[in-house]
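*Asks:* Sending over a structure as structure tokens; questions will come in a sec.
Computed from the coordinates by the stated procedures, all read-outs in this text should not be read as laboratory data. All values derive from a computational prediction rather than experimental measurement. Methodologically, a virtual Cβ is constructed for each residue, glycine included, from the backbone with ideal geometry; neighbour enumeration extends over all protein chains shown.
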Amino acid sequence: MNNDRQADRRQAVALGYDGISAPSLTAKGDADLAEAILALAREHEVPIYENAELVRLLAQLELGDAIPQALYRCIAEIIAFAWHLKGKCPAGFASDEQPTAALADLPQLNAPEH
């Protein structure tokens, strides 16, 4: 397959995350299977993040493999954003909680006056 056709080929991956272990690869596919993965995600209102380079890296994993440690931060940011979109947050980080006393005691920053 030449490089142009490879660049146009649709790929998709799905990750599972239980909140305890590292996220793992739960699905991967090209062409029609990629479209089926995306359709299933849409059907279940799973947020979709599109990044072809990241998909190519993750598609090298075997199903069930944990993501490599080098991708932890990248994947954590994507998961955090997906949770935010769905109005979720990890236990102990409820968005409606009041700041702790230590945070409440910090001085307020004011915008510079012009």
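*Asks:* With charges set only on the Cβ (+1 for Lys and Arg, -1 for Asp and Glu), what does the dipole of the stretch 11-86 come to about its Cα centre, in debye to the nearest 20?
*Replies:* Magnitude of the dipole: close to 220 debye.
*Asks:* May I pose another question? What does the charge count around residue 25 come to, taking other residues whose C-beta lies under 10 Å from its C-beta (Lys +1, Arg +1, Asp -1, Glu -1)?
*Replies:* -1
*Asks:* Average the reciprocal distances over every distinct pair of alpha-carbons in the stretch 11-86, invert the result, and give the Kirkwood radius in Å.
*Replies:* 12.7 Å
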